[in-house]
Amino acid sequence: MTDFLNFIDGAWCAPSTGAWFENRNPADTRDLIGRFPASGVDDVERAIASAERGFERWKRTPAPARGDVLRRVGDLLASRKEELAALMTREMGKPLAETRGDVQEGIDTAYYAATEGRRLFGHTVPSELRNKWAMSFRRPIGVTGLITPFNFPLAIPTWKMFPALVCGNSVVFKPSEDVPHTAHVFVEILLEAGLPPDVIQLVHGYGEVVGKAIVEHPKVPVLSFTGSTATGSFVGETAGRMHKRLSLEMGGKNAQIVLDDADLELAVDGVLWGAFGTTGQRCTATSRLILQDGIHDRFVARLIERASALRLGDGRVAGTDVGPLIHEASRAKVEEYVAIGRAQGAELALGGTRPTDEALAHGYFFQPTIFTNVQAGSRLEQEEIFGPVLSVIRVGDASEAFRVNNGVKYGLSSSLYTRDVSLAFQALQELDNGITYVNAPTIGAEAHLPFGGVKQTGNGHREGGWEVYEFYSETKVGYVDYSGALQRAQIDNY
Ligand code: NAD
């Protein structure tokens, strides 16, 4: 049995609590990966004190040199891609092709961050006074608290950490207790790449203890959280009360719309990948399929035929399309929604149960599930399930499809399949989501574009792309008056 450790104040160390939690393979719970620290508030205190010291040093390291460390991180991730993908699949279940993609997202984010170290643009503008210089530039902020979910064990931590580091902040990292092994190896890689040890602190443990202590700590002025909307509400309330800078990325209820004129086979490919990739456990997963009347029956028939052929299994086995859910509570939640759907009059067209295959008996598997005749406004159509359950809604035309898409409290991603270029551009304008795909599924963000959602999915910030660098740095304005005389702005310039 391997006991993994926290990384605090430059050293790998056991938790002050003496308590541990187990990490098991969700595809086969007999497979124990190891024990991880169930840390306490004291561990968080030590980590933050060390990160404050790390910040003092790191903020004075030139940004291009900070970027160089990230480039080396990218190189190491690339050289260990297969090993990382395998350990991630063992830890959280999604097939190897998907965990390879998760690592690739981290590599791309690292190289983007490395080049951003040479940019971090400010503005130089003319002053309204003579012989005076006016400019803005970006400054680091301090200790950042990064709290991440299980579904992208590497990509999401890199989305937060790399821009935070390039901008000159230090990091206290609290990974999901469902994927601590990936976090462990990731921190080893950061250290090997030359990140100063007190700039990164890894504190394992439960959200209600470790996560909460980071969120409530007065010496952590910046928080970035990705996870459920319920947890995000607690983080948001606390950050608001304590005047912290906060980025929230939370739940989704994403829809794929297919209009009568669409390329149907392309749209079937899209919805299969969007709904059942990562076993539906993506914030951008396709949870609703909005079909126009004219193609509805044909499309559903083809979809069920194709979805029936998806192979459920251990993600490390070649040919597996759909892995397990992350734990028993997630599977119980999926079952609860299957019951809710039936009770509210939706028709179960596929799945709806656990598999009977003996080989899958030790994992948290659930059949890909499709409900038809789902009513807009019903619970199945409104609430995030985070599992392999797709709800099909019938609509008459594009404007009704847009209304249904927008009729939920979330606003992460949406997708429209059509050959009509006018409708495609209308959708980009009208759909209330942070991301809209045309003729592509609801999943598939690229590392160099901003990522995030509107309404109750987020709080206005974005990860990825150029915008995130503004979140992790503070704008400072500098005026230099070289006139040699007292000049008063607004009073005597005109
Ligand atoms: P979760 O909210 O259960 O946990 C997320 C993280 O928060 C974990 O590290 C957890 O330990 C921590 N946490 C729990 N309670 C806490 C508390 N009181 N204080 C501080 N931290 C606490 O979410 P999850 O089950 O890991 O992930 C699934 C959810 O994440 C889904 O709702 C999904 O939509 C969302 N998600 C959103 C995005 C996005 O970018 N919008 C991306 C991925 C996942």
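The values are calculated or read from the model by the stated rules, or taken from the named source; none is laboratory data. Bear in mind the structure is a predicted one, so any value in this text is a computation, not a measurement. Glycine gets a Cβ as well: all are built from the backbone with ideal geometry, and neighbour counts include every protein chain shown. Each accessible area value is taken on the protein alone, full model and side chains, heavy atoms only, with ligands, DNA and RNA left out. Shrake-Rupley method; radii C 1.70, N 1.55, O 1.52, S 1.80 Å.
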- Task: Would you check which residues across the stretch 326-359 are within 19 Å of Leu310 (Cβ to Cβ) and in contact (Cβ under 8 Å) with a residue 60 or more places away in the chain and list them?
- Result: Ile326
- Filter the stretch 263-281 down to residues that are touching a Lys or Arg at 6+ places or on another chain (Cβ under 9 Å) and open to solvent by 10 Å² or more (accessible area, probe 1.4 Å) and give me whichever is nearest to the ligand (Cβ to nearest atom). Leu272
- What tally of residues in the stretch 465-482 results from selecting those that are exposed (fewer than 15 other Cβ atoms within 10 Å of the Cβ) and part of a strand (DSSP E or B)? 6
- Item | Pair list, Cβ under 6 Å, 6 or more apart: the stretch 242-255 residue within 19 Å of Ala164 (Cα to Cα), other residue open to solvent by less than 20 Å² (accessible area, probe 1.4 Å) and more than 10 Å from the ligand (Cβ to nearest atom) | Arg245/Val222; Leu246/Ala239; Ser247/Ser224; Ser247/Phe471
- So which pairs qualify, if the first residue must be in the stretch 80-93 and without any contact (Cβ under 8 Å) to a residue 40 or more places away in the chain and of a type outside the set (Phe, Trp, Tyr), the second must be in a helix (DSSP H, G or I) and crowded, with 22+ Cβ neighbours inside 10 Å, the Cβ gap must be under 7 Å, and the two must be at least 6 apart or on different chains? Lys81/Val103; Ala85/Thr99; Ala85/Val103
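How many residues does the stretch 282-334 hold that are in a loop (DSSP other than H, G, I, E, B) and either within 13 Å of the ligand (Cβ to nearest atom) or open to solvent by 10 Å² or more (accessible area, probe 1.4 Å) (or both)?
Taking the stretch 282-334 first, the residues in a loop (DSSP other than H, G, I, E, B) are 282-285, 309-311, 313-321, 323-327.
Narrowing further to those that are either within 13 Å of the ligand (Cβ to nearest atom) or open to solvent by 10 Å² or more (accessible area, probe 1.4 Å) (or both): 282-285, 309-311, 314, 316-321, 325-327.
Residues meeting the conditions: 17.
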- Message: Please pick out the residue among Asp43, Asp9 that is of a type in the set (D, E, K, R), touching a residue at least 60 places away in the same chain (Cβ under 8 Å), open to solvent by less than 30 Å² (accessible area, probe 1.4 Å) and farther than 30 Å from Val317 by Cα.
- Response: Asp43
- Message: If Trp159 meets every condition in (1) away from the ligand (no atom under 16 Å from the Cβ); (2) part of a helix (DSSP H, G or I) apart from one, which number is that one?
- Response: (1)
- Message: I need every pair where a residue in the stretch 153-181 that is in contact (Cβ under 8 Å) with a residue 12 or more places away in the chain and of a type outside the set (Gly, Ala, Ser) has its Cβ under 6 Å from the Cβ of a residue that is in a helix (DSSP H, G or I) and within 9 Å of the ligand (Cβ to nearest atom), sequence separation at least 6 or different chains.
- Response: Val172/Ile214; Lys174/Val210; Lys174/Gly211; Lys174/Ile214
- Task: Within the stretch 216-257, count every residue that is more than 14 Å from the ligand (Cβ to nearest atom), outside any helix (DSSP H, G or I) and of a type outside the set (D, E, K, R).
- Result: 7
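If we only count helices (runs of 4 or more DSSP H) wholly inside the stretch 49-138, which ones have 3 or more residues that are closer than 25 Å to Ala275 by Cα? Give the steps one after another, and end with the answer.
Numbers: elements: 63-79, 81-92, 96-116.
Filter on the stretch 49-138 gives 81-92, 96-116.
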